[in-house]
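Participant: Before anything else, here's the structure in question.
The values are calculated or read from the model by the stated rules, or taken from the named source; none is laboratory data. Just so it is clear, the structure is predicted and the values come from calculations on it, not from any experiment. Heads up, the Cβs are rebuilt from the backbone with ideal geometry, glycines too, and the neighbour counts pull from every protein chain shown.
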Number of protein chains: 2
Amino acid sequence: MSKETVSIGLSAAIVAVEGERPSVLVVAYDGAADALPFGPFDPAQQRTLESGLRKWVGEQTRFDLGYTEQLYTFGDKGRHESAAGTRVVSVGYLALTRQGKEAPETAWRGWYHYFPWEDWRDSKPAMIDSTILPALKKFVNDAPNAEATELRRERVNVCFGEGWDEERVLERYELLYEAGLVEEFWRDSGRTNKGPSLGTPMLFDHRRILATAIARLRGKLKYRPVVFELMAPTFTLLELQRAVEALAGLRLHKQNFRRLVAEQGLVEGTGKFNAPDRGRPAELFRFRRVVLRERPAPGVRLGVRRSKAS
Amino acid sequence: MSKETVSIGLSAAIVAVEGERPSVLVVAYDGAADALPFGPFDPAQQRTLESGLRKWVGEQTRFDLGYTEQLYTFGDKGRHESAAGTRVVSVGYLALTRQGKEAPETAWRGWYHYFPWEDWRDSKPAMIDSTILPALKKFVNDAPNAEATELRRERVNVCFGEGWDEERVLERYELLYEAGLVEEFWRDSGRTNKGPSLGTPMLFDHRRILATAIARLRGKLKYRPVVFELMAPTFTLLELQRAVEALAGLRLHKQNFRRLVAEQGLVEGTGKFNAPDRGRPAELFRFRRVVLRERPAPGVRLGVRRSKAS
DNA sequence: CCACATAATACTCATTTCGAGTATATATGT
DNA sequence: ACATATATACTCGAAATGAGTATTATGTGG
C-alpha cells in the first residue's frame, strides 16, 4: 500500500430564499470561478465532522449555521486536486438559513445561475429543446457500441424526457458533465471546449455538490418541514408557497397548497395581517413546531399542478 | 493547525434476504465483536471511493458487489479509533446482493440480531414496553434541566411512541446509544454497563452504519425497485412480499400488495409455476427492467395494513 | 372420487387524497 | 360605486388506498 496522504475537505452549500429566488452563498476569489465555502477538517481540534464545518464556516463567513445535513462524500481523482498534490476527499453539507449579512468575499447568488435548466416555474426552459436535447442526441450517437448507446438513450430519457422529475438534479448534471456540456468537464480533462457551455461553472466539484444539495432539498421538502428553516418567523401562505416553488422549480396550485398545509397542521394563524399595496390583506402564519411531535413524517407535499395558471 | 493525519476507512453493509430473513455479511474475528467488512481507502491506487470499496471487498470476501450506494461519512472522535492512533473517518456503504457463498471468516447473520426492536412482523416486540420505554422514561427524567427533559421526551415519542415509522432506524439506535441501552455506549465511554444491553453489539461504529443502511433501504423500497436486487431471477409474488416485509419489518396486505406491484408494471409473469407442498401453485414472475425507462420513480409502495391478518 | 385444507388470484366497496376548478370575501384606487 | 387584485372557501370528479369477500387451483385423507 502506498503512503500517499489524504486530506478531508468540508464544503457547505448554504442555502437561503429571498422572495422568489433560491440562493446559495458563494466565495468569489478574484478571477477564479465561484466556490462554495470550503475548508479543511482538522482532526486534532474537532470531535465531529459537523463541528469542524460549523467552526470554520463561522470564521470564514460569520455565519451561524442552523439546520445542517451531510450530503455526500466525493473522492474522485481529478475532480478536486489540492495544490500540494495530496488527494482531497470532500464531504459536502447542506445548510439552511434565513438570509443575513454576508462576510466580505462572499455573496448570495441565485442557484439557477448554475442550473438554468432546472427552473420550470415560468415554462420549460427553452435551452432544453434548443441546446440540451440536440447535444445529448449527439452524445447518444457517439457511444462506442450498441449497448452503450441504449444505456445513454435511457439516461437521457429519464433525465430530460417525458415527465420532469424535479428531484433528479444530480443525475442531470452528471449527464451533462459526461456529455461535455458543462465547462467543468473540459477543465477537468485539460482540453478546451468547442461546444455549448451551460450555466455558470464553479470551482473544483462544487457544482456537483450544489446539485446534490438541491436534489436532497427538493426531495426532503415533501416529507419533512424543512422550508420553515428558510422562512421569517411569520409569513403569509403565498410567501410560503413562493419559497417552495422557488426551491422545487415548479409552480403549485394555490388553493390546494393552502389546503395541504392547513390540513397537516403545519402552520397556525397569528391573527395579524400584512398590508399589501393592492388586494386583500393576507393573514400571517407561523410554523407549528409541535407537529414534529404529533405527526410521524410531516412535510409540505407539493400538490403539483398539471395545467393553466394559479 | 495540527499535523495529525487522517485515514479513510470504507465499511460496507452487504445485505441479502434468505426467505424471510434479512441478513448482513459480518466478519467474525475470534473473540471480538461482529464487524462489517472494513478496509482502508488507498488514494494512490483508486480513482474513486467506490472502486476502492469494490476492490477490497472482492479480495476480502470474494464478493462481487452489485448495487451499491454511499450511506454516510462518520468522523466522530471516540467511536472509531485506529490502532496507530490516527483519526479514522469512515465512509459507510450499502450493497445489495443475492446471497451466495461467503468467504472464510465471514458469515451471514440476520440483522434483527442487532436490532431486535425493529421487527414488527409478528407483533410489537415485547421488549419495547417491558424494557425500552421504562429505561427511556428514566433517561427523560435524568435530563439536566427542563428544556433537555422536553427535548428528550419528544425524541422518545417520535422514536418509540404512537405510530411506528419503520424508517427511523438510525434515530432509534442513536437514542438508545445516548440513553446507555446499547453496549457500544459503555465501551466507547470506557465504563461498565450495569443496566440492560439491547441487541448484539458490533465493532467500532458498525452498528450505527448498519442502522443507517437499514433506514436507507427501508426508505428506498418505497420509491425505487431495489428489492429486485435481492431476489432470484424468478420468484412468486408471495416470495417478493415476504422479502419486502422482512426488510421493512412489517406485514403487508397481500391482495393490495399484488395489485400495486402489478399495476405499476414492475413484474411480468413467466407462464411457469412453482410446485408447493400444499395449496395452489403460484406463478413465477420476473422483474421488468424496462420500468426503469417507463416510469419516472417506480418503487414498491408498501400498502401497509392497519388491522387483522393477511 | 369427494370433501377439506391451503394457498393463489380476482373482484368489490367505502374512504381518502388529489388535481382542478368556481365562488366569495376584503382590500385599494378612481 | 365599481374595477381590480388578492386571499380564502367550497365543490366535484378521478384516482389511490385500505380492508375485505369471492373464486380458483392444488394436494391429501377418507
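Participant: Which of the residues spanning region B:259-288 are in contact with a Leu (Cβ under 8 Å, 6 or more places away or on another chain) and either at pLDDT below 95 or away from DNA strand D (no atom under 13 Å from the Cβ) (or both)?
Facilitator: Answer for region B:259-288, where residues must be in contact with a Leu (Cβ under 8 Å, 6 or more places away or on another chain) and either at pLDDT below 95 or away from DNA strand D (no atom under 13 Å from the Cβ) (or both): B:VAL261, B:VAL267, B:GLY269, B:THR270, B:ASN274, B:PHE285, B:PHE287, B:ARG288.
Participant: On the given criteria, is A:ALA84 over 20 Å from B:GLU50 (Cα atoms), modelled with pLDDT under 90 and either surrounded by fewer than 20 Cβ atoms within 10 Å (Cβ to Cβ) or within 14 Å of chain B (Cβ to nearest Cβ) (or both)?
Facilitator: yes
Participant: Check region A:172-183 and report whether any residue there is within 14 Å of the chain's Cα centre (by Cα), closer than 17 Å to A:PRO125 by Cα and of a type in the set (Val, Ile, Thr).
Facilitator: no
Participant: I need the full set of residues from region A:20-43 which are part of a loop (DSSP other than H, G, I, E, B) and either within 14 Å of chain B (Cβ to nearest Cβ) or touching a Lys or Arg at 6+ places or on another chain (Cβ under 8 Å) (or both), in order please.
Facilitator: Within region A:20-43, A:GLU20, A:PHE41, A:ASP42, A:PRO43 qualify.
One line per residue, one yes/no per condition, for (1) farther than 25 Å from B:GLU245 by Cβ; (2) assigned to a loop (DSSP other than H, G, I, E, B):
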{"site": "B:LEU136", "(1), (2)": "yes, no"}
{"site": "B:GLU154", "(1), (2)": "yes, no"}
{"site": "B:VAL158", "(1), (2)": "no, no"}
{"site": "B:GLY163", "(1), (2)": "no, yes"}
{"site": "B:TYR173", "(1), (2)": "no, no"}
{"site": "B:TRP186", "(1), (2)": "yes, no"}
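Participant: Separate question: When residues of region B:44-66 are filtered for being exposed (fewer than 14 other Cβ atoms within 10 Å of the Cβ), more than 10 Å from every other protein chain (Cβ to nearest Cβ) and not acidic (Asp, Glu), how many remain?
Facilitator: 3
Participant: May I pose another question? Give the residue that is farthest from DNA strand C (Cβ to nearest atom), with candidates limited to residues of region B:241-293 that are surrounded by 12 or more Cβ atoms within 10 Å (Cβ to Cβ) and of a type in the set (S, T, N, Q).
Facilitator: B:GLN264
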